[in-house]
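These notes are about the structure you will find just below.
The values are calculated or read from the model by the stated rules, or taken from the named source; none is laboratory data. Note that the structure is predicted; figures quoted are calculated from it, not measured. Heads up, the Cβs are rebuilt from the backbone with ideal geometry, glycines too, and the neighbour counts pull from every protein chain shown. The area values use the complete protein model at the heavy-atom level, side chains included, leaving out ligands, DNA and RNA. Shrake-Rupley method; radii C 1.70, N 1.55, O 1.52, S 1.80 Å.
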Amino acid sequence: MRELLRVPQGHRIDLRRFDPRATPGGPRDKAAALAAAGPMEQRLASLQERLYAASTAGDGRRVLLVLQGMDTSGKGGTVKHVIGMFNPSGCRITAFKAPTPEEHAHPFLWRIARAVPRPGEIGIFDRSHYEDVLIARVRELVPRSRLGSRYGQINRFEQSLADEGVTVVKAFLHISRAEQRARLLERLDNPDKHWKFSPGDIDERALWPEYRHAYELALERCSTAAAPWYVVPADRKWYRNWAIAQLLLEHLEELAPRYPEGDFDVDECRARLIAT
């Protein structure tokens, strides 16, 4: 799965060549994806428990899932789906909004570094440090000269995370403009979803080409061996959820965490316990 979705390094990226409705490597349909969810959930939960258990014996490894995508691409839905497969107590979720005054007073990576998962945890970023080269570029929130240096800063930051035992899984949820319109109309048609809609969403749609270009630059410049990008087709929600879970499964299986051995005499403890 990683090879199918990984952004190739050193290549120019044109997102118009990626089909948002594609299902590379996935189940044949939604029913098959749901059927596969049970065994996948069991495997993920087991690996998560081993990762956490290993941290109690000094293993510093952890996993960070970074989710980026246009509005309605399903970042929140993906977070909900992923958490449903894990023990929530071992997850650390951060939804990055507009920077606070305190955060503005620091370098842009300051608030990101504070949210990195601890050893044994699975961290999930709903939006991330990439907002500082996406909306910051489209809305011209910082000078272009300063913006250009941020790609290198991001790469160095992510390399430092990898050096510290953080497995970084970056997923761009690739939604089509037509599908976004359909999802926004669904929100307007359902009063229970009005809280999720903002008139500003329509203004942002007018900047679709600019956002696409900003994402293309981020994918080109920040897909590295230490932290590659994966383009996940997101028009089909069932495939998006399956693909993210599969990516996490492959990375966790590669880590192959193990339960630590006990530092006590099992037979002695058993005898003492029986005697009580």
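Among the numbered conditions (1) at pLDDT 95 or above; (2) surrounded by 12 or more Cβ atoms within 10 Å (Cβ to Cβ); (3) out of contact with any Phe, Trp or Tyr (no Cβ under 9 Å at 6 or more places or on another chain); (4) not aromatic (Phe, Trp, Tyr), the only one that residue 209 does not meet is (2). Here the condition is being more than 20 Å from the chain's Cα centre (by Cα) and open to solvent by 50 Å² or more (accessible area, probe 1.4 Å); of 39, 27, 88, it holds for 39 alone. Of all residues in the range 168-190, none are open to solvent by 20 Å² or more (accessible area, probe 1.4 Å), among the acidic types (Asp, Glu) and either outside any helix (DSSP H, G or I) or closer than 21 Å to residue 98 by Cβ (or both). Among what's in the range 7-24 and is in a helix (DSSP H, G or I) and either in contact (Cβ under 8 Å) with a residue 12 or more places away in the chain or touching a helix residue (DSSP H, G or I) at 6+ places or on another chain (Cβ under 7 Å) (or both), pick the residue that is most open to solvent (accessible area, probe 1.4 Å). Step by step, filter the range 7-24, then rank; the result is 16. Given the condition open to solvent by less than 20 Å² (accessible area, probe 1.4 Å), within 22 Å of residue 248 (Cβ to Cβ), modelled with pLDDT of 95 or more and in contact with a strand residue (DSSP E or B) (Cβ under 8 Å, 6 or more places away or on another chain), answer yes or no: does some residue in the range 136-155 qualify? No, that holds for no residue. Just one of (1) surrounded by fewer than 19 Cβ atoms within 10 Å (Cβ to Cβ); (2) in a loop (DSSP other than H, G, I, E, B); (3) hydroxyl-bearing (Ser, Thr, Tyr) fails for residue 72. It is (1). Of all the residues in the range 197-249, those that are over 18 Å from residue 13 (Cβ atoms), assigned to a loop (DSSP other than H, G, I, E, B) and not hydroxyl-bearing (Ser, Thr, Tyr) number 7. Of all the residues in the range 125-134, those that are in a helix (DSSP H, G or I), in contact (Cβ under 8 Å) with a residue 60 or more places away in the chain and either touching a Leu at 6+ places or on another chain (Cβ under 8 Å) or loosely packed, with under 12 Cβ neighbours inside 10 Å (or both) number 1.
With respect to residue 198, is the statement that it is exposed (fewer than 13 other Cβ atoms within 10 Å of the Cβ) and either within 25 Å of residue 2 (Cα to Cα) or of a type outside the set (A, V, I, L, M, F, W, C) (or both) true? Working first, answer last.
Details: exposed (fewer than 13 other Cβ atoms within 10 Å of the Cβ): no; either within 25 Å of residue 2 (Cα to Cα) or of a type outside the set (A, V, I, L, M, F, W, C) (or both): yes.
Here the answer is no, as residue 198 does not meet what is asked.
Taking the conditions (1) open to solvent by 30 Å² or more (accessible area, probe 1.4 Å); (2) assigned to a loop (DSSP other than H, G, I, E, B) in turn, residue 116 satisfies each one other than (1).
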